[in-house]
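Where a number appears in this text, it was derived from the coordinates with a stated rule and is not lab data. Because the structure is predicted, anything quoted here is derived from the model rather than measured.
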Amino acid sequence: MAKKKKKIKGSTVTAAEKYKYTLKMVTSETCIACKKQCPRGLAYIEKMSKPGAVGRGVPCILTKGKPYK
């Protein structure tokens, strides 16, 4: 008789983790021009408005794509 295969239950993935690697990095100029400014973008704009600030961009929630499987 064949044995039944047990399904391994993985950890649940939140929506933020699912789309983590598909968000585009945007600069402060893009955040300023955005029509729907998010709290993360507003904080980045304020950080970059200070003299001498160096930034690498912020992940934009409005540019999320399809998740990896």
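Short version: ³J(HN,Hα) in whole Hz for each residue of region 32-48, in order, from phi by Karplus 6.51 cos²θ - 1.76 cosθ + 1.60 (θ = phi - 60°), x for Gly and Pro, what are they?
Along region 32-48, the couplings run 5, 7, 5, 7, 10, 7, 8, x, 5, x, 5, 5, 5, 4, 5, 5, 7 Hz.
To make sure I understand the rule: partners must be lysines, Cα under 20 Å from the Cα of LYS64, and not fewer than 8 residues away in the same chain. Which ones qualify?
Output for LYS64: LYS18, LYS20, LYS24, LYS35, LYS36.
At 0.36 nm per residue, minus the direct Cα-Cα distance, what do CYS38 and ILE61 gain on full extension? Give it in nm, one decimal, please.
7.5 nm
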